[in-house]
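Reviewing the structure listed below.
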Amino acid sequence: MGKLQVIGRLARVAAAALTPVALDEATKIINRYLDKRKDYVKIPDVKSLSLDEAAKVLEQYEFNYALVKVKADVKYAYNDSDTVLRILPKGGASVDPTTFVKLYYSDEETIQQSNVLFKNMMDQKVDKQEKRQQAVRGLTDKTKQVATDVSGKLGLTKKDKNSDI
């Protein structure tokens with residue numbers, strides 16, 4: 001009998017001996033986990049609601065919450081002011097009823113700053129695209145000029161039929 005066969009048989013014997021104990025422990029762990037989660041509630045998804053509406057909903061579920069104002073960012077440029085942009089933990093998540101919830105929102109000032117950032121970003125994109133197009137045009141013109149010069153030097157240019165007469 002080879003070494004691998006001996007090791008395989010020993011592993012099977014050890015697994016058979018440990019399996020009932022391991023199964024009992026796993027069952028206990030799962031039961032504790034399920035007992036802990038039996039009182040959990042789902043966080044209502046209040047994203048896109050006004051701050052007042054979101055607060056009323058969370059108060060109905062007796063969640064403690066805080067309003068957190070986001071910093072200006074291009075992704076908030078076209079959102080409504082004083083609406084929930086994000087919720088943490090995410091809406092629909094099952095959590096302990098004592099979980100603290102954060103509602104992220106933007107006010108009018110943040111949206112105006114975000115609009116400025118968005119406009120600047122779009123202007124930069126347009127400038128970059130124009131520079132790219134100019135570079136391509138310059139390269140194309142240079143390539144045409146080189147091709148014309150080479151054709152002329154090699155005598156490959158078309159001659160006018162009337163010039164031979």
* Condition check for Glu109: under 30 Å from Lys36 (Cβ atoms) and either free of Cβ contacts under 8 Å to residues at least 40 places away in the same chain or out of contact with any helix residue (DSSP H, G or I) (no Cβ under 9 Å at 6 or more places or on another chain) (or both) -> no
* State yes or no: is Lys47 open to solvent by 90 Å² or more (accessible area, probe 1.4 Å), within 32 Å of the chain's Cα centre (by Cα), within 13 Å of Val101 (Cβ to Cβ) and of a type in the set (Lys, Arg)? => yes
* To do: Just name the residue that is surrounded by the fewest Cβ atoms within 10 Å (Cβ to Cβ) out of those in the stretch 21-44 that are under 17 Å from Ile87 (Cβ atoms) and of a type outside the set (Phe, Trp, Tyr).
  => Lys42
* So Val95 fits all but one of (1) at pLDDT 90 or above; (2) surrounded by 15 or more Cβ atoms within 10 Å (Cβ to Cβ); what number is the exception? -> (1)
* To do: Residues being within 19 Å of Glu108 (Cα to Cα) and among the polar types (S, T, N, Q): count how many of those fall in the stretch 41-95.
  => 5
* Asked: So which residues in the stretch 74-97 are assigned to a loop (DSSP other than H, G, I, E, B) and charged (D, E, K, R), if there are any at all?
  -> Asp80, Asp82, Lys90, Asp96
* Asked: Which one is modelled with the lowest pLDDT, of the residues in the stretch 70-92 that are open to solvent by less than 40 Å² (accessible area, probe 1.4 Å) and of a type in the set (A, V, I, L, M)?
  -> Ala77
* Asked: Can you tell me how many residues in the stretch 98-126 are open to solvent by 80 Å² or more (accessible area, probe 1.4 Å) and in a helix (DSSP H, G or I)?
  -> 8
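The values are calculated or read from the model by the stated rules, or taken from the named source; none is laboratory data. All figures in this text were calculated on a predicted structure; none of them were measured in a lab. Virtual Cβ from ideal backbone geometry, glycine too; neighbours counted across all protein chains shown. Side chains are part of the model used for accessible areas, which takes the heavy atoms of the whole protein and leaves out ligands, DNA and RNA. Shrake-Rupley method; radii C 1.70, N 1.55, O 1.52, S 1.80 Å.
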